[in-house]
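A quick write-up on the structure given underneath.
The values are calculated or read from the model by the stated rules, or taken from the named source; none is laboratory data. As the structure is a computational prediction, the values presented were derived from the model and not from experiment. Neighbour counts run over all protein chains shown; Cβ positions are idealised from the backbone, glycine included. The protein model used for the area step is the full one, side chains on, heavy atoms only, and it has no ligands, DNA or RNA in it. Shrake-Rupley method; radii C 1.70, N 1.55, O 1.52, S 1.80 Å.
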Amino acid sequence: MFKKRIIAALLVTVMCLAMCIATAVPASARSGEIRVILDGSVIRLDTPPQIVNGRVMVPMRSLLEHFGASVEMIPSSRTVTAETNDGEIYYMTIGSRVISINNTDYILSEPPQVVDGRTMITAQLAAYIAGVHAIWSPAANAVIIITPSYLTTPDFPRGLSAITLPNRRLTASERNAWIDEYNRLGGPHELELEVVRLVNVERARAGLAPVRICPTLNTVARFKAQSMADLGYYDHIGVYGDAADLARAFGHRNEIGENLYRGPQSAAWAMAGWMNSEKHREIILHRHFETIGVGIYVCDDGRFHWAQMFSVNR
């Protein structure tokens, strides 16, 4: 399960999630109501998230009940208790940074607070209790929540290609053999196509036209992902040079924008990471890009490598 079964891991989990959620919130995010997006769909809570002391706070009961947890507030003692479906009990006091989890005490980064009559807790704590991923997205002005079921990854074979790429440029015959192997394996994988779908969801939210799949860019992106996996590097510069140099080697000569990622095992999580990075988000939402190619490759050790290639038609 995604949720840690060892409660002692709470502080590590909170610290990691805080890197995404508890960052300084830009002024533009304060001007409108903060949304909560669960597995790609906006959900309505009884009160919207608030920014308190630079942290994103969410209504505890309204959010946790979406995940089957029960929440009880005792006004006289200013205490609040949450119990999850699997029997974990979280006991807190308004204004106190101490949280008791199954009768063991830990220290929170920000105490529970009452805002507009609602008990508010940090988004990262709510995510931990619910057993989900959560990140703060300035671009969407939203807390994005991703559940383990949404993170389920289609079976992407490890070491997919029978051809291991060397640390040099391929000869023309070697490149053609690699392309034949890519086509023999079926071309784009469903996980790569899911990235394209998610890219166009984000572009639609921004009022932009969708990008179309370019077969050549799909091939180039898969080659880039496999190159990083086989040669053990993680960089926009490879044996062919930059992304434009690599694309030209495959016959594509238009402007190129490239995003890379290493590690995430789902399209949703990879896209969330890209959209939470200003430079990567700018490429995804570049209004002049018209086509896209996506490549994924998984090492024998199970580590995922992702590549997006964007371009124009002219």
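A few comments on the model shown:
- Structure remark: mean-square fluctuation, Gaussian network model of the chain, C-alpha springs under 10 Å; the largest value among 127, 162, 270 belongs to 162.
- Computed over segment 194-254, the Cα gyration tensor eigenvalues convert (square root of 5λ each) into semi-axes of 25, 14, 10 Å, ordered from largest to smallest.
- Dipole moment magnitude, nearest 20 debye, the chain about Cα centre, only Lys, Arg, Asp, Glu C-beta charged: 540
- Equivalent ellipsoid dimensions for segment 63-194 as semi-axes, Å, which come from the Cα gyration tensor, largest first: 50, 15, 14
- Accessible surface of the chain, 1.4 Å probe, proportion on carbon and sulfur as whole %: 51
- Accessible area in the full protein assembly, largest first, 1.4 Å probe, for 89, 99: 89, 99
- In a DSSP loop and with at most 10 other Cβ atoms within 10 Å, the trypsin sites (Lys or Arg not before Pro) in segment 38-110 are 44.
- In a DSSP loop and with at most 10 other Cβ atoms within 10 Å, the trypsin sites (Lys or Arg not before Pro) in segment 261-301 are 287.
- Convex hull volume per residue in cubic angstrom - Cα atoms of segment 247-314: 84
- With the Kirkwood sum run over all distinct C-alpha pairs, segment 161-314 has a hydrodynamic radius of 15.4 Å.
- Contact order normalised by residue count of segment 168-289, Cα under 8 Å, 6+ apart, percent: 30
- The residues of segment 174-287 have, on average, 45 Å² of accessible surface per residue, using a 1.4 Å probe with all protein chains present.
- For segment 233-274, averaging the sequence separation of C-alpha pairs within contact (under 8 Å, six or more residues apart) and dividing by the residue count gives a relative contact order of 30 percent.
- The slack in the chain from residue 66 to residue 213, taken as 0.36 nm per residue of separation less the alpha-carbon distance, amounts to 49.3 nm.
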